Amino acid sequence: MTSAVLPYDALLICSFGGPNGLDDVIPFLRNVTRGKNIPEDRLAEVGEHYHRFDGRSPINEQNLALVGAIRAELARRGIELPVVWSNRNWHPYTVDTLRDAAAFGAQRVLTLVTSAYASYSGSRQYREHLAAARAELGADHAPQIDMLRPFFNDPGFVEANLEAIVEAADELDGGFDGAHIVYVTHSIPDTMQDASAVTGPGYREQHEDVRAVIDAALAARHGAEVESSLAYCSRSGDPRVPWLEPDVNDHIAELAARGVTKIVIAPIGFISDHMEVAFDLDIEALETASEHGIQAVRAGTASVRPAFIAGLVDLVLERAARERGETPSARTAGALGALPDVAPPGSCRMRHGEVTGIPVLAGEED
């Protein structure tokens with residue numbers, strides 16, 4: 001193992017998971033909603049989103065691409081570190097991946113979850129999931145697991161989103177001139193937002209920080225003085241339960257009423273173009289814009305852009321160095337600073353019964 005990544009002997013990419021075909025859709029949704037007493041007819045309703053794509057979520061192929069890109073960046077730097085992949089809700093399941101890793105000698109695994117932002121569904125739920133997987137394997141058979149800190153303000157992640165927005169604006173008549181950027185992320189219940197802000201910056205505030213950094217970079221580096229706003233997509237569950245607003249479709253209608261005629265939809269809350277992006281933005285939001293006479297383009301996600309992948313590898317090396325007792329600086333963009341490597345006690349904690357509704361893929365934004 002390369003000394004730069006010690007004490008870790010494997011990197012686990014842990015994601016939400018998604019169906020690979022029509023026969024997978026309902027079993028997958030049952031996994032997602034286990035213990036929530038969601039009726040089968042509601043699962044069937046949500047499953048219709050996947051039927052537009054022959055039951056296949058794009059997330060699995062995108063995770064494989066992410067694994068491949070990280071492996072390639074490690075190799076480019078001459079770093080030997082096995083990279084493995086698992087999901088919370090579909091194959092390959094985390095407990096199986098960890099069992100295999102342990103069988104091949106992994107004793108300490110660093111985990112990167114495919115969620116840039118800290119919230120219950122985006123960070124704490126993954127911590128609980130990893131702890132449950134270790135418990136299932138048993139202490140004598142499971143590797144030690146650490147989690148990489150949320151990376152919403154990593155310079156590589158921010159730069160990748162900036163690049164995507166600039167590319168998208170080139171598709172608009174007149175480019176950025178007169179354009180409004182609608183930054184979009186997955187909505188969460190207000191109670192989850194409140195829980196995310198107990199021990200650090202809240203979920204909404206994390207996104208607002210990224211928005212401010214990108215807006216400033218657009219002005220400084222591209223001369224684009226644009227208006228922008230933050231909106232949300234993919235809310236679900238009991239309509240009486242308040243979730244973060246405005247909904248992106250309602251917001252687009254409001255922008256049209258204000259005289260906005262062209263927008264860039266920038267999905268900064270997602271690291272790749274999975275179901276929330278493919279359905280909620282590429283279909284619903286773009287249709288809403290067209291209905292209101294707005295020219296709209298959807299920016300790409302960070303995906304496997306070189307800046308993003310290089311930033312993730314930098315984060316791995318930074319964390320490994322600290323575990324060896326070194327003191328590397330934490331590179332961040334924006335005003336919030338780096339979140340701690342080990343989440344504080346009580347961070348993003350939800351009381352029993354507060355997590356409601358069916359997240360269509362509520363861990364992917366995540």
Being under 20 Å from Phe157 (Cα atoms), over 17 Å from the mean Cα position of the chain (by Cα) and assigned by TED's automatic domain parsing to the domain that holds Ser123 narrows it down to one residue among Leu336, Leu317; which is it?
Leu317
Among the residues of region 133-172 satisfying the criterion of being without any contact (Cβ under 8 Å) to a residue 24 or more places away in the chain and within 30 Å of Arg99 (Cβ to Cβ), which is nearest to the chain's Cα centre (by Cα)?
Ala135
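Give the residue, chosen from Ser86, Ser115, that is in contact with a Cys (Cβ under 8 Å, 6 or more places away or on another chain) and not hydrophobic (A, V, I, L, M, F, W, C). Full working, then the answer.
Details: Ser115 fails: in contact with a Cys (Cβ under 8 Å, 6 or more places away or on another chain).
The unique qualifying residue is Ser86.
If we scan region 36-58, do we find a residue that is modelled with pLDDT of 95 or more, of a type in the set (S, T, N, Q) and surrounded by 19 or more Cβ atoms within 10 Å (Cβ to Cβ)?
no
If a residue must be charged (D, E, K, R) and in contact with a strand residue (DSSP E or B) (Cβ under 9 Å, 6 or more places away or on another chain), how many such residues does region 275-293 contain?
Residues of region 275-293 that are charged (D, E, K, R), as a first pass: 276, 280, 282, 284, 287, 291.
After this cut, where a residue has to be in contact with a strand residue (DSSP E or B) (Cβ under 9 Å, 6 or more places away or on another chain) as well, the list is 276, 280, 282, 284.
Selection size over region 275-293: 4.
Return yes when Asp238 is within 27 Å of Val46 (Cα to Cα) and of a type in the set (Asp, Glu) and no when it is not.
Numbers: within 27 Å of Val46 (Cα to Cα): yes; of a type in the set (Asp, Glu): yes.
Taking the combined requirement at face value, the residue satisfies it.
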Let me spell it out: the conditions are (1) out of contact with any Leu (no Cβ under 8 Å at 6 or more places or on another chain); (2) within 27 Å of His141 (Cα to Cα); (3) surrounded by fewer than 18 Cβ atoms within 10 Å (Cβ to Cβ), and Glu61 meets all of them except one. Which number is the exception?
(2)
Looking at Ile283 and the list (1) crowded, with 17+ Cβ neighbours inside 10 Å; (2) closer than 30 Å to Asp41 by Cα, which single condition is not satisfied?
(1)
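The values are calculated or read from the model by the stated rules, or taken from the named source; none is laboratory data. Quick caveat: nothing in here was measured; it's all calculated off a predicted structure. When we count neighbours, we look across all protein chains shown, and the Cβ atoms used for this are built from the backbone with ideal geometry, even at glycine.
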